[in-house]
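Visitor: Once you've had a glance at the structure underneath, I'll fire off some questions.
The values are calculated or read from the model by the stated rules, or taken from the named source; none is laboratory data. These figures come from a predicted structure and were not determined experimentally. Note that each Cβ is placed from the backbone with ideal geometry, even for glycine, and that neighbours are counted across all protein chains shown. SASA here: full protein model, heavy atoms, side chains in, ligands and nucleic acids out. Shrake-Rupley method; radii C 1.70, N 1.55, O 1.52, S 1.80 Å.
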Amino acid sequence: MKKLLLIQPSPYQKDGNVVKKKKLYFVGLSLPLLAALTPDDWEVELIYEVIEDVPFDTDADLIGVSTMGHGIIRSIDIAKEFRKRGKTVIMGGYMASIMPSEAVKYCDSLVVGDAELVWQDLLLDFISGELKKTYEKPLPNGYFSTPLPRFDLLKGKNIGDFLPVQAGRGCPNSCSFCSVSCLYKGRYIKRPLDEVIRDIEQIKSLGYKKILLLDDNIFSDRVYLNKLLDTFIKLKINWMSQCEITIGKDDQLLRKLYESGCQTLSFGLESTSRESLLSMDKAWARPDEYDKLIQNIRNHGIDVSTEMVVGGEGDTLESIKKTKDFIEKNKISVPRFYILTPFPGTRFFDQIKASGRLVNNDIYSYDGTSAVYKPKNMTPEELTKAYWELYGDLFTIKSILKRNILRREILKTPFRYIFNMFVNLYYREQIKRRITPNIF
Ligand code: B12
């Protein structure tokens with residue numbers, strides 16, 4: 001029997017050590033899905049480096065290494081080490097897919113984008129000694145099928161009480177900085193509902209009741225989402241996901257979302273500056289509507305978490321500072337920020353490079369916590385400083401209490417906000433050490 005070892009590397013910290021945690025709260029689907037796509041005559045092992053050590057002395061015949069954002073530096077180091085030890089290494093995942101000509105240098109073979117339609121051919125080519133340098137076959141438009149992910153391989157690992165499910169991939173919006181738009185080019189492809197039900201029933205049979213719906217934007221197709229919510233209502237689950245803020249205009253859907261067990265939605269609001277949003281090709285997002293939409297979503301019983309970026313074309317040092325007021329006014333319990341970063345492969349990267357504003361050419365250092373290009377209204381150094389100051393201002397004890405405890409909803413769902421308060425206190429410690437908070 002051949003053996004495959006699949007690894008989800010963990011990124012490096014600033015001190016050069018790999019990020020390690022006791023527990024991985026949100027597990028991705030890439031590895032359990034790749035395992036399911038692998039024929040039965042292969043033994044498969046999954047390693048999540050954030051909670052496990054990479055077994056470099058493995059007897060596996062083939063090593064698969066995933067990549068995510070700046071974590072790719074660690075992926076490359078792991079690939080190099082295995083190749084030094086004579087192993088064949090396959091790379092795949094988001095980051096390698098949006099910069100294939102670079103990633104391909106570090107592995108024997110690279111899967112660009114979706115693996116479903118190429119993985120089995122790749123394994124056959126490996127067995128016959130005819131591996132190609134790259135494999136690329138995007139999923140077609142419309143519906144796509146995937147096998148039942150190998151959730152069984154997660155057994156015994158120290159993971160949280162959410163298991164991942166994916167109903168759709170891609171997003172119809174085309175924001176210039178976004179890796180999803182770069183890979184899926186405005187396409188939104190979805191899975192047949194009976195398959196989604198199958199996955200959730202399997203998860204429930206393993207004793208889990210909470211689902212992390214990994215879709216990039218669940219509000220991509222209203223008709224499909226309505227049907228999906230009907231199935232969730234029957235399945236009696238709790239779940240969280242992410243989508244565009246305009247869902248806050250749709251009262252019918254919001255009622256149904258609540259009824260279907262949706263607890264939290266995360267929104268990439270990016271900025272309260274219209275000019276910044278316009279320059280990111282995100283004209284559909286209207287900051288003047290944000291307060292109203294957030295309130296409406298919350299009034300329907302769904303908690304709102306936000307992801308924002310600083311350093312856009314309309315941002316000034318003053319506007320970045322004022323983002324604190326926006327977050328506090330809207331009582332965002334767990335706000336997250338990044339410095340707007342041009343990931344190679346995105347349109348934004350091409351624009352910044354062409355305009356000569358890139359000040360840091362080491363693409364592997366792009367972790368969203370320091371400015372790598374010259375913003376319009378400040379120096380890169382000022383932007384980095386303003387970013388950490390914003391985090392510092394929002395994670396004072398006073399602000400944490402204001403956003404999590406001194407709020408109406410705490411009477412209805414006290415455990416949620418008390419839990420969120422502890423998440424905030426954890427983030428506060430991370431921020432003090434200049435580690436950008438993440439939902440690990
Ligand atoms: C869950 C998740 C996480 C979890 C991961 C937990 C874990 N270790 O398992 C957490 C919250 C920890 C996380 C962290 C980060 N994440 Co993340 N994450 C996701 C998310 C929401 C889902 C991933 C997933 O499972 N998708 C479903 C699977 C089926 O799709 P897939 O991963 O694309 O896999 C398919 C192919 O890519 C391919 N494939 C994937 N891996 C491999 C490996 C091999 C060998 C092969 C052959 C093929 C292959 O096959 C799969 C089937 O087709 C994605 C968004 C998304 N929609 O994918 C962001 C996403 C991947 N994350 C992203 C980022 C930036 C990060 C962070 C860098 C954030 C940060 N600043 O800290 C960190 C990096 C952590 C790391 N380990 O390196 C970006 C990546 C952008 C980029 N250019 O690479 C994404 C796309 C979000 C976004 N919209 O920008 N993340």
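Visitor: For region 147-161, what does the Karplus curve 6.51 cos²θ - 1.76 cosθ + 1.60, with θ = phi - 60°, yield as ³J(HN,Hα) per residue in whole Hz, taken in order and with x for Gly and Pro?
Guide: Each residue's phi maps through the Karplus curve to give x, 5, x, 7, 4, 4, 6, 8, 4, x, 8, 7, 10, x, 9 Hz.
Visitor: Percent of accessible area on the chain owned by carbon and sulfur, 1.4 Å probe?
Guide: 54
Visitor: Are there trypsin sites (Lys or Arg not before Pro) in region 391-440 that DSSP puts in a loop and that have at most 15 other Cβ atoms within 10 Å, and which ones?
Guide: Here the trypsin sites (Lys or Arg not before Pro) that fit, given the DSSP loop and packing criteria, are 407, 412, 433, 434.
Visitor: What's the magnitude of the charge dipole for the chain around its Cα centre, counting Lys and Arg as +1 and Asp and Glu as -1 at the beta-carbon? Answer in Debye, nearest 20.
Guide: Around 1360 debye, computed over the chain.
Visitor: For the chain, state the semi-axes of the equivalent ellipsoid (square roots of 5 times the eigenvalues of the alpha-carbon gyration tensor), sorted largest first and rounded to whole angstrom.
Guide: Output for the chain: semi-axes of 34, 27, 21 Å.
Visitor: Can I ask one more? At what distance in angstrom do the alpha carbon centres of region 351-429 and region 21-36 lie from each other?
Guide: Taking the Cα centre of region 21-36 as reference, the centre of region 351-429 is 25 Å away.
Visitor: Return the FRET efficiency for the residue pair residue 233, residue 379: r is the Cβ-Cβ distance, R0 is 51 Å, and the value is rounded to the nearest 0.05.
Guide: Result of the calculation: an efficiency of 0.45.
Visitor: Another question about this same structure. Please name whichever of 128, 309, 29 sits farthest to the positive end of the charge dipole of the chain, dipole taken about the Cα centre and charges placed at Cβ: Lys and Arg +1, Asp and Glu -1.
Guide: Toward the positive end, the furthest listed residue is 309.
Visitor: On alpha-carbon atoms, Rg over Rh for region 352-410 using Kirkwood Rh?
Guide: Ratio value, two decimals: 1.20.
Visitor: Using the Cα centre as the reference, give the magnitude of the dipole from point charges on the C-beta atoms of region 244-432 (Lys, Arg: +1; Asp, Glu: -1; all else neutral), rounded to the nearest 20 debye.
Guide: About 600 debye.
Visitor: Here's a follow-up. Can you tell which of 415, 339, 253 lies farthest toward the positive end of the dipole of region 244-432, using +1 and -1 charges on the Cβ of basic and acidic side chains (Lys, Arg; Asp, Glu)?
Guide: Of 415, 339, 253, it is 415.
Visitor: Quote the convex hull volume per residue of region 2-136, based on C-alpha atoms, as a whole number of Å³.
Guide: Spelled out: Cα convex hull of region 2-136, divided by residues, is 108 Å³.
Visitor: Subtract the Cα-Cα distance of residue 426 and residue 13 from 0.36 nm times their separation in residues, and report this length gain in nm to one decimal.
Guide: 147.0 nm
Visitor: Further question on the same structure: Summing Lys, Arg as +1 and Asp, Glu as -1, what charge do residues with Cβ under 9 Å from the Cβ of residue 88 carry, residue 88 excluded?
Guide: Within the 9 Å Cβ shell, the charges total 0.
Visitor: Another question about this same structure. How charged is the neighbourhood of residue 67? Take every other residue with its Cβ under 14 Å from the Cβ of residue 67, and add Lys/Arg as +1 and Asp/Glu as -1.
Guide: -1
Visitor: On to the next question. For the chain, list the cysteines whose Cβ sits under 4.7 Å from no other cysteine Cβ?
Guide: Result for the chain is 107, 171, 182, 243, 262, no neighbouring Cys Cβ within the cutoff.
Visitor: Go ahead and run the numbers for FRET between residue 359 and residue 259, Cβ-Cβ distance against an R0 of 41 Å, rounding to 0.05.
Guide: Given R0 = 41 Å and the Cβ-Cβ separation, E is 0.25.
Visitor: Got a sec to turn the phi values of region 135-146 into Karplus ³J(HN,Hα) couplings, 6.51 cos²θ - 1.76 cosθ + 1.60 with θ = phi - 60°, whole Hz, x for Gly and Pro?
Guide: Computed from phi, the couplings for region 135-146 are 10, 8, 8, x, 5, x, 5, x, 9, 10, 10, 9 Hz.
Visitor: May I ask you to compute the full-extension gain from residue 198 to residue 274, defined as 0.36 nm times their residue separation minus their alpha-carbon distance, rounded to one decimal in nm?
Guide: Result for the pair: 23.1 nm of gain on full extension.
Visitor: Can you tell me what share of the DSSP beta bridges in region 2-136 is antiparallel? A percent to the nearest 5 is fine.
Guide: 5
Visitor: Further question: Scan around residue 373 for amide H atoms under 5 Å from its own, H built in the peptide plane at 1.01 Å from N, and keep only partners 5 or more places away or cross-chain.
Guide: It is 359, by chain and number.
Visitor: Another question, then. What FRET efficiency do you get for residue 152 and residue 313 if R0 is 35 Å and r is their Cβ-Cβ distance, rounded to the nearest 0.05?
Guide: Calculated transfer efficiency: 0.15.
Visitor: Turning to a different aspect of this structure: Could you give the length gained by full extension between residue 393 and residue 45, i.e. 0.36 nm per residue of separation minus their alpha carbon distance, to one decimal place?
Guide: 121.0 nm
Visitor: Follow-up question, since we're still on this one. Under a 1.4 Å probe, what is the accessible area of the chain per residue, stated in Å²?
Guide: Roughly 43 Å² per residue, with all protein chains present.
Visitor: Output the antiparallel fraction of DSSP beta bridges having both residues in the chain, as a percent to the nearest 5.
Guide: Taking every DSSP beta bridge with both residues in the chain, the antiparallel ones total about 10 percent.
Visitor: In whole Å, what are the extents of region 244-432 along the principal axes defined by its C-alpha atoms, from largest to smallest?
Guide: In descending order, the Cα extents are 52, 36, 28 Å.
Visitor: Find which of 79, 406, 218 sits farthest along the positive direction of the dipole of the chain, computed with +1 on the beta-carbon of Lys and Arg, -1 on that of Asp and Glu, about the Cα centre.
Guide: Of the options given, the answer is 406.
Visitor: Compute a Gaussian network model of the chain, connecting alpha carbons closer than 10 Å, and tell me which residue from 95, 308, 378 fluctuates the most.
Guide: 378
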